[in-house]
Amino acid sequence: MKRIFSVVLTPDPDDGGYVVTVPGLPGCVTEGDTFEEAVSNARDAIALYLQYMKDKGETVEDVPPSTLTTIEVD
């Protein structure tokens, strides 16, 4: 069963690369030196998170994908 999760990639100005969080999976965080590596690591982190929850006998509720937008403020 395929599932879709929103991920947030935040550039890391100090170390370079990206920090990745998964809003629908609290505590699921990873990183990568490039955008592509960060996305790949996010896939792995999500799969491990879901397997861990399954092994504990817990379920993960489906969360609708997030919408990200920018807002300009003076």
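Every number here is computed from the coordinates shown, using simple stated rules; none is lab data. These numbers were taken from a predicted model, which means no experiment stands behind them. Backbone-built Cβ (ideal geometry, glycine too); neighbour counts: all protein chains shown.
Between VAL20, VAL29, VAL60, the residue with the greatest mean-square fluctuation in the GNM of the chain (Cα pairs under 10 Å linked by springs) is VAL60. Using 0.36 nm per residue and subtracting the Cα-Cα separation, the extra length available between THR10 and GLU37 on full extension is 8.4 nm.
Where does the charge balance sit around ALA47 when Lys and Arg score +1, Asp and Glu -1, over other residues with C-beta under 14 Å from its C-beta? Don't skip to the answer; put the middle values down first.
Working: positive: LYS2, ARG3, ARG43, LYS54; negative: ASP44, ASP55.
Charge balance in the 14 Å sphere: +2.
Which number do you get for Rg(Cα) / (2.2 N^0.38 Å) in the chain? Don't skip to the answer; put the middle values down first.
Numbers: Rg = 13.9 Å, N = 74, 2.2 N^0.38 = 11.3 Å.
Here the answer is 1.23, to two decimals.
Taking the C-alpha atoms only, the angle from helix 35-55 to the longest principal axis of the chain is near 30 degrees. Residue ranges 49-55, 63-69 sort as 49-55, 63-69 when ordered by packing (mean number of other C-beta atoms within 10 Å per residue, highest first).
Distance between the 7 Å Cα→Cβ label points at VAL19 and THR67: 2.7 nm. Working from Cα pairs under 8 Å separated by at least six residues, relative contact order for segment 8-55 is 27 percent.
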